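Below: one structure, written as structure tokens.
The values are calculated or read from the model by the stated rules, or taken from the named source; none is laboratory data. Quick caveat: nothing in here was measured; it's all calculated off a predicted structure. As a convention, Cβ positions derive from the backbone with ideal geometry for all residues, glycine included, and neighbour counts pool all protein chains shown.
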Amino acid sequence: MIRPRTSRVAAGLMLSLAVLAGSAGCSAATENSPAPAASASPRPLSDEEAQRLSTMRFLNYSAGVREVSLSVDDGGTTYDIAGYVDFTAALGYATVSAGNETSLLAWSSSVISSHEATGDGLPPVPPPGLDGGGLAWTTSDLVPADSRLHAALAVLLEAGHDRPDNPLLLRQTDARWLRADTIDGTAVDVVAGPTSDEAYDPSVSGPADGSGALVRYWVDADARLLRIEARLGGGSEWTQIELGDEAEVEFADAFLSSGGDG
């Protein structure tokens, strides 16, 4: 069964990047985010911005399943991933392409399973036997510290939480508003996530301009998260993760019944 999630305040917004930033054996990132739409001066979050940032993960959790896509370089191989994350169940299901090879991919916070593609596109539910069980699935531990691919998948799962974060405490951290931008015509705020759940202290904390952040969030006026950018494996470049529409796709039961939740 899915393990219950712990309730934390701003710490949850760090998306476990303290571990991901130090990933062993990972190549430098090749992904680049778009240039800013306009220059702006980073600043602390306003009350309204902190409220929206504190709500965004809960909105994902409430939405259930959303479309996701990303490309990540891991050990010199580029993996293109397109599929879904069930934020309520904390499970992902997607196709992953690397060169001429395409596989099915399913993952939780503890395991990752792959299966050779069974045809064009993504089947509506995973084939049976997600735990390997003598079939074609290959299952191993999800280890973000060892793989940029694993780290990116872990980041995605952490983008949902079963309750809002505390906006007051979040506003006291080093989270910073960076600029206004747009995604496909939708206005968003680009926010540097906190590097700690502690109140910002200029005498001991990192830079005050958000440049030390390992994650950036693109959030619209309704607190809907449209994009995540993360620095993985200690690299300086940003891996871009797109979050699309809510989807009427159900795959959690197939995952759980096969023992694939870890």
From the options A40, A29, A94, A90, residue that is crowded, with 19+ Cβ neighbours inside 10 Å and either at pLDDT below 90 or over 30 Å from R163 (Cβ atoms) (or both) = A29
What are the pairs, 6+ residues apart or on separate chains, where a residue within region 229-254 that is under 18 Å from G92 (Cα atoms) and of a type in the set (F, W, Y) has its Cβ under 6 Å from a residue that is part of a strand (DSSP E or B) and modelled with pLDDT of 85 or more?
-> F251/Y93
Scanning region 181-201 for residues that are among the aliphatic types (A, V, I, L, M) and touching a strand residue (DSSP E or B) at 6+ places or on another chain (Cβ under 9 Å), which turns out surrounded by the fewest Cβ atoms within 10 Å (Cβ to Cβ)?
-> A187
Check L170, L178 and return the single one that is crowded, with 18+ Cβ neighbours inside 10 Å, more than 24 Å from Y93 (Cα to Cα) and touching a Lys or Arg at 6+ places or on another chain (Cβ under 8 Å).
-> L178
Is there a residue being in a helix (DSSP H, G or I) and under 29 Å from Y79 (Cβ atoms) anywhere in region 157-178?
-> yes
For region 156-194, name all the residues that are at pLDDT below 95 and β-branched (V, I, T).
-> T173
For region 39-106, which strands (runs of 3 or more DSSP E) that fit wholly inside it have 3 or more residues that are of a type in the set (V, I, T)?
-> 65-74, 77-86
Unmet requirement for V249, which otherwise passes all of (1) modelled with pLDDT of 95 or more; (2) under 21 Å from L104 (Cα atoms); (3) touching a Phe, Trp or Tyr at 6+ places or on another chain (Cβ under 6 Å); (4) among the β-branched types (V, I, T) | (1)
Could we say that A223 is touching a residue at least 60 places away in the same chain (Cβ under 8 Å) and either over 15 Å from L178 (Cβ atoms) or assigned to a loop (DSSP other than H, G, I, E, B) (or both) here?
-> yes
